[in-house]
Amino acid sequence: MAYRSFSLIPMLSDNLLSDRFTQMDKLFSRITGEKPLSEMPTYNLYQKDKENLELTVAVPGYKQHELDISVLNNKLTISGKSETEKEESNDSKTEKWLHKGIEKKGFSMSFDLDHRIKIQNANLADGLLTLTFNYEIPEEEKPQKIAIGQTSQPEVIEHKK
């Protein structure tokens, strides 16, 4: 199970380095027999503004009831289990798989969430699972401008969201 953290600091990525990593990962996976990291579903993390994030996970072929999204102790886990295919023992059936390259072997991926990130919505459309997050900043942690020359209670002049 791979663990990833959400961060509001953008990650630097180099496509050449990413491609090399993927190639090395597949090579070591063949040697060791371990499942490559690249077989995890691909995902995009998009920051709409300072307080809103969107995670999109590619889950082609999965139906809504085959996916499970849960949060426990600030850890988001997204998993998919394929329904077991029912074998029909019908001799008159002419339909059969000639090639089956799109396999749903099941997956599980986890993300460590900051305690301020709250999931607002989950949507599945066109093989993409989209989760909408809100980054809640408490009022006492938001920047405030204070008027100069105040002796008693400081008066907040401006509050930026």
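The values are calculated or read from the model by the stated rules, or taken from the named source; none is laboratory data. Computed from a predicted structure; not experimentally measured. We work out accessible area using only protein heavy atoms, side chains counted, and drop any ligands, DNA or RNA first. Shrake-Rupley method; radii C 1.70, N 1.55, O 1.52, S 1.80 Å.
Distances between placed amide hydrogens fall under 5 Å for LEU128 paired with VAL59, all partners being 5 or more residues away or on another chain. Length available on full extension from MET40 to GLU136: 0.36 nm per residue minus the Cα-Cα distance, which gives 31.7 nm.
Under a 1.4 angstrom probe, counting protein chains only, how are VAL59, VAL71 ranked by accessible area, largest first? Can you show the working numbers first?
Numbers: VAL59 0, VAL71 80 Å².
Greatest to least solvent exposure: VAL71, VAL59.
Pairs with C-alpha atoms separated by more than 18 Å, drawn from the list LYS81/LYS104; LYS75/LYS105; LYS81/LYS105, are LYS75/LYS105.
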